[in-house]
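Student: One structure coming up, written as structure tokens, with questions to follow.
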Amino acid sequence: MSPLPRSNWGRVLDDLGVTLLEVAHGRIDVDRQIGGVVIHDPVDEPVYPPGAVVLAVALRDADELAALVTGAAARGAVAVVVRASTPLPETVRDAAERGDIAILHLARGATWTQLAALLRSLLAEDDVGQTPAESLGGVSSGDLFAVANAIAALLDAPVTIEDRSSRVLAFSGGQEAADPSRVETIIGRQVPDRYARVLTEMGVFRDLYRGEEPVVVDPVHLGEGVSTQRVAIAVRAGDEVLGSIWAAMDGPLTEERAATLRDATKLVALHLLRIRAGADAQRRLRAELVSRAVHGGADAQDAIGRLGLGGRRVWVIAARPAVRGADGTEHDSIAERERLTDALALHLTAVQQGAAVALVGDTVFGILPVADAAGEDRSIRLAEDFLHRVGDRIPALIGIGRPATTVAEIARSRAEAHRALRVVVERASGPRTLARISDVEIDSLLLDLRDLRSAREDSPSGPLARLIDYDARHDAHLVDTLTAWLDSFGDVTAAAAACFVHANTFRYRLRRVAEVGLLDLDDPDARFAAMLEIRTLPGRESGSGTMVG
């Protein structure tokens, strides 16, 4: 992804223009930097950073607005945002022109809170959105490692900084001076399970996360490999526990050392929040770029270029969780979709440089570069391997479009992937968890035809209508009989077994189908019409002959 500046008007208008902001008066210099967001307060005058954007909250009077524009321009602001319903009289326009400041309209329905949050998020991305080349699992390593070394120097003991899952985010030097267990933790970037279990059983994590004071752990209780006392303290942001600091040091926990640890938690908390903000900003930006790329349109080419996929042959996949409860119904929460997004992104980017994955709406879309036909087969295997690896932990369904190069082709591939995914979802009770559109084209067309009939509120007609009506009055199972016979290509024995009845009983029901429905079963056109109507009947459970309602 190309490192474009995020704190200038060009990027802000690209992200928020049309949707939230529209230039009402003045000229916007797309290269001009934005220094911050100021919410106008007539009682307590706020501090204006250079290049501020001023939000004219609850300000309708023309004279007040003109005074605000003049004052904001004098303080170096670049724009004033007003409600779209707020008129701009000549006095306001003159004040804007004199101060060389732009006036923007906030779209109807949008709130000031939303705008302030989005603007501040975009401005923050310039600081926290970029992931340094040297990182540990995507977590910025430099500053946090420097903090760990600083804490270790003050405590005269090796230190690790860990998250809530006991994953090592950063560590200081001198770890070899502790004991073998600390070395094992550093090498594995994770506290070994056997030690984590003991700490849990001892209630160390409970005490650590409930209190604000350091917790001392006697090495005798931790087992083989631990010879140095551990002192830990939780890192918090308000009521939320972000992680913890662990020091391997012998001797009493003096008040000086305890104070050092308490002070260190505040600094570490800032770094962890910065890292998380950067990850969130990067996730939002990636989702926006992937969404633009796969949906086509005027911005698609720019998004494809910023993803590093310009001019490359790619294919699009669509995925969603497939989690079924004990009642057989499907459960698909936001958390499960995000979990699938992270897992698929990790899998694809690890084996294919340049892959881009993001959650767009309720579907996970992935764009994967593919060099040639052999690369396409490899890409299919990657998707199959992903489903095999995650198994029941993150059960998923995947649809795959055709390879594409141009903007239009990529948008088409996205539509095909989504159509293939829908077929897999409709057939979720079967063994298929992955499908290429080329393999399920007809199934997708049948679903489209069923949607069309449902939208037009079509009702069964002809023979099928007569059979449904007869079944409703006599519970004769004639529709199920006809469906089983058609699905079995006229094999009475196989059809009778599918209906769990004797072959003679099935033959009798089949004769009743012809009589009641006035259906000529020897006519191939009549058979095709009946099969097509059954498979596209609104309310029919996909993949079965069962009629719903």
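The values are calculated or read from the model by the stated rules, or taken from the named source; none is laboratory data. The model shown is predicted, which means the values in this text are computed figures rather than measured ones. Cβ: placed from backbone, ideal geometry, glycine included. Neighbour counts: every protein chain shown.
Student: Whether any residue in segment 290-305 is of a type in the set (Ser, Thr, Tyr), surrounded by 15 or more Cβ atoms within 10 Å (Cβ to Cβ) and under 24 Å from PRO214 (Cα atoms) is what I want to check. Give the steps one after another, and end with the answer.
Tutor: Of segment 290-305, the ones of a type in the set (Ser, Thr, Tyr) are 291.
Within this subset, residues satisfying the condition of being surrounded by 15 or more Cβ atoms within 10 Å (Cβ to Cβ) are 291.
The next check asks that each one be under 24 Å from PRO214 (Cα atoms); those that pass are none.
Looking for residues that are of a type in the set (Ser, Thr, Tyr), surrounded by 15 or more Cβ atoms within 10 Å (Cβ to Cβ) and under 24 Å from PRO214 (Cα atoms), one finds none in segment 290-305, hence no.
Student: Here is a further query. Of the numbered conditions (1) over 40 Å from the mean Cα position of the chain (by Cα); (2) closer than 20 Å to GLU45 by Cβ; (3) not in a helix (DSSP H, G or I), LEU88 satisfies every one except a single condition; which is it?
Tutor: Looking at each condition in turn, LEU88 falls short on (2).
Student: OK, next. Say whether the condition of being touching a residue at least 40 places away in the same chain (Cβ under 8 Å), in the same structural domain as LEU309 (by TED's automatic domain parsing) and of a type in the set (Val, Ile, Thr) is met by at least one residue in segment 455-468.
Tutor: Checking segment 455-468: not a single residue is touching a residue at least 40 places away in the same chain (Cβ under 8 Å), in the same structural domain as LEU309 (by TED's automatic domain parsing) and of a type in the set (Val, Ile, Thr).
Student: From the list ARG83, ARG108, exactly one residue is within 40 Å of the chain's Cα centre (by Cα) and surrounded by fewer than 15 Cβ atoms within 10 Å (Cβ to Cβ). Which is it? Step through it out loud before you land on a result.
Tutor: Working: ARG83 fails: surrounded by fewer than 15 Cβ atoms within 10 Å (Cβ to Cβ).
Selected residue: ARG108, the only one of ARG83, ARG108 that is within 40 Å of the chain's Cα centre (by Cα) and surrounded by fewer than 15 Cβ atoms within 10 Å (Cβ to Cβ).
Student: What do you reckon, is ILE275 in a strand (DSSP E or B) and closer than 26 Å to GLY173 by Cβ?
Tutor: On the way: in a strand (DSSP E or B): no; closer than 26 Å to GLY173 by Cβ: yes.
Answer is no for this residue.
Student: Do any helices (runs of 4 or more DSSP H) entirely within segment 147-260 hold 1 or more residues that are within 21 Å of HIS271 (Cβ to Cβ) and touching a residue at least 12 places away in the same chain (Cβ under 8 Å), and if so, which? Reasoning before the result, please.
Tutor: Numbers: elements: 180-188, 193-201, 204-210.
Helices (runs of 4 or more DSSP H) meeting the threshold: 180-188, 204-210.
Student: Could you list, in sequence order, all residues of segment 414-459 that are more than 20 Å from LEU532 (Cα to Cα) and in a loop (DSSP other than H, G, I, E, B)?
Tutor: Selection gives ALA428, SER429, GLY430, PRO431, ARG432, THR433, ILE437, SER438.
Student: Condition first: part of a loop (DSSP other than H, G, I, E, B) and at pLDDT below 85. Now tell me which residues in segment 311-354 satisfy that. Even if it seems obvious, please write down each step before you answer.
Tutor: At the first step, the residues of segment 311-354 found to be part of a loop (DSSP other than H, G, I, E, B) are 311-313, 322, 325-329, 332-333, 352-354.
Those that are part of a loop (DSSP other than H, G, I, E, B) and at pLDDT below 85: GLY311, ALA322, GLY325, ALA326, ASP327, GLY328, THR329, ASP332, SER333, GLN352, GLN353, GLY354.
Student: With ARG98, ARG164 as the choices, which residue is more than 30 Å from ARG75 (Cβ to Cβ) and modelled with pLDDT of 85 or more? Walk me through how you get there before you give the answer.
Tutor: On the way: ARG98 fails: more than 30 Å from ARG75 (Cβ to Cβ).
Answer to the selection: ARG164.
Student: Looking at segment 333-350, which of its residues are buried (at least 17 other Cβ atoms within 10 Å of the Cβ), among the small types (Gly, Ala, Ser) and either farther than 17 Å from LEU307 by Cα or outside the structural domain of ARG378 (by TED's automatic domain parsing) (or both)?
Tutor: Within segment 333-350, just ALA343 meets the criteria.
Student: Taking ALA67 as the residue in question, decide whether it is surrounded by 17 or more Cβ atoms within 10 Å (Cβ to Cβ) and among the aliphatic types (A, V, I, L, M). Working first, answer last.
Tutor: Working: surrounded by 17 or more Cβ atoms within 10 Å (Cβ to Cβ): no; among the aliphatic types (A, V, I, L, M): yes.
When the stated conditions are applied, ALA67 does not pass them.
Student: Of all residues in segment 490-518, how many are at pLDDT 85 or above and not in a helix (DSSP H, G or I)?
Tutor: 6
Student: Regarding ARG419, is this residue closer than 25 Å to ARG283 by Cα and assigned by TED's automatic domain parsing to the domain that holds ILE437? Explain how you work it out, then say what you get.
Tutor: Numbers: closer than 25 Å to ARG283 by Cα: no; assigned by TED's automatic domain parsing to the domain that holds ILE437: yes.
Spelling it out, it is not the case that ARG419 is closer than 25 Å to ARG283 by Cα and assigned by TED's automatic domain parsing to the domain that holds ILE437.
Student: Also: Looking only at segment 368-383, which residues are at pLDDT 80 or above and either of a type in the set (Ser, Thr, Tyr) or farther than 22 Å from VAL290 by Cα (or both)?
Tutor: ARG381
Student: Which residue, of ALA411, ALA476, is in a loop (DSSP other than H, G, I, E, B) and crowded, with 16+ Cβ neighbours inside 10 Å? Working first, answer last.
Tutor: Details: ALA411 fails: in a loop (DSSP other than H, G, I, E, B).
Going through ALA411, ALA476 in turn, the sole match is ALA476.
Student: Step by step: first the residues of segment 29-56, then only those that are at pLDDT 80 or above and β-branched (Val, Ile, Thr), then the one that is surrounded by the fewest Cβ atoms within 10 Å (Cβ to Cβ). Which residue is that?
Tutor: In this case the residue turns out to be ILE39.
Student: Need pairs with beta-carbon distance below 6 Å; first residue farther than 21 Å from ILE380 by Cα and within segment 305-317, second at pLDDT below 85; sequence gap 6+ or separate chains.
Tutor: Every condition considered, the pairs that remain are ARG306/MET1; ARG306/SER2; GLY308/GLY354.
Student: Just one of GLY391, GLY366 is assigned by TED's automatic domain parsing to the domain that holds ARG422, among the small types (Gly, Ala, Ser) and touching a Leu at 6+ places or on another chain (Cβ under 9 Å); which is it? Step through it out loud before you land on a result.
Tutor: Numbers: GLY391 fails: touching a Leu at 6+ places or on another chain (Cβ under 9 Å).
Going through GLY391, GLY366 in turn, just one is assigned by TED's automatic domain parsing to the domain that holds ARG422, among the small types (Gly, Ala, Ser) and touching a Leu at 6+ places or on another chain (Cβ under 9 Å): GLY366.
Student: Is there any pair linking a residue in segment 484-499 that is assigned by TED's automatic domain parsing to the domain that holds ASP523 and within 12 Å of LEU521 (Cβ to Cβ) to one that is surrounded by fewer than 19 Cβ atoms within 10 Å (Cβ to Cβ) and β-branched (Val, Ile, Thr), with Cβ under 7 Å and at least six apart or on different chains, and which?
Tutor: Close Cβ pairs satisfying both conditions: none exist.
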